C-alpha cells in the first residue's frame, strides 16, 4: 500500500515539475494560500556549495502539510541549516518544519524529527524514512570533512584537496517513541527487536544478509513490521 501511495505521489510530483518548467508560478500560489508553511530566506541567492545538499540540483517534490494539504514545487534539502528550500520563478523560501508532515523528494520520503544523537546531544532535521511501522527505520544525512592529510587543518598547510562529503547514519523509533540512534553492533541492532531477537537473527541468517552491509537493515525492519504482530510471546525463544 505504501508503495502505491509513493507511486501516486511521485506521478503528481512529476506533473508539478512539468508545470514548474513551463513557468507555472507554484511558489507564488503557495505564498498566497499557505504562507504559514513558507519563510523568507535572508539572502536566498548567496553562493551555496552544492555539497551542502542531499541532492546537488533542484528536485521536484511534494509536501504534505499538517493541515492535510499537498503542495507541489521544486526543492532541495539543506544539510547545513537542516531545512528544506523551495523555488519557483526565482523566488526561494524555506519550509516551516513544524508545518510539514512528510515530504517526497526524488522518490524518497522524508519527515522532520527531533532525535538524540550518539554523543548525547539533541539534533533535528529531515530524516529519510526507509521503513515505516511499529519500528520505523530512518536515515539521517550529514556533511563531513574528508581531509587530504591525517594532521588536521593547519593554516600553514595547503588544504585545497580537503573536501566536503555526504555521510549518513541510521536511527529508529519504536512504538512512536522519541527517535534514537541505531547502534552499529549486532547486539545493539537485535535489541531493537526485543523480545524477538532470535527470530530476527534466524531471518538474517536464512536470507544470507550480511551484518557488515547496512543494506540488510531495510529488509530486516520490513520483515519485522510485517510479521511481528502475528508472533506469540513464546516465539521469542
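Since every read-out is calculated from the coordinates, none of them should be taken as a lab result. Quick caveat, the model's predicted, so the values are computed rather than measured. No Cβ is skipped: glycine too gets one built from the backbone with ideal geometry, and neighbour counts run over all protein chains shown.
For the reader, a short list of remarks on this structure follows.
- Estimated translational D of the stretch 174-237 in µm²/s (Stokes, Kirkwood radius over Cα pairs; 4 °C; 1.567 mPa s): 105 µm²/s
- Ranked by the mean number of other Cβ atoms within 10 Å of their residues, highest first, the peptides 106-117, 126-137, 207-218 come out as 126-137, 106-117, 207-218.
- Paramagnetic reach from residue 225 in the stretch 193-212 [backbone N under 19 Å; point 7 Å along Cα→Cβ]: 193-197, 200-201, 203-204
- On full extension, the segment bounded by residue 166 and residue 180 gains 3.0 nm, given 0.36 nm per residue less the C-alpha separation.
- Packing-based order for 64-71, 220-227, using average beta carbon neighbours within 10 Å, highest first: 220-227, 64-71
- A Förster radius of 25 Å combined with the Cβ-Cβ distance from residue 55 to residue 121 puts the calculated FRET efficiency at roughly 0.40.
- Inter-probe distance in nm under a simple model that places probes 7 Å from Cα toward Cβ, at residue 191 and residue 218: 2.7 nm
- Spin-label model, residue 143 to residue 198: label points 7 Å out along the Cα-to-beta-carbon direction sit 4.9 nm apart.
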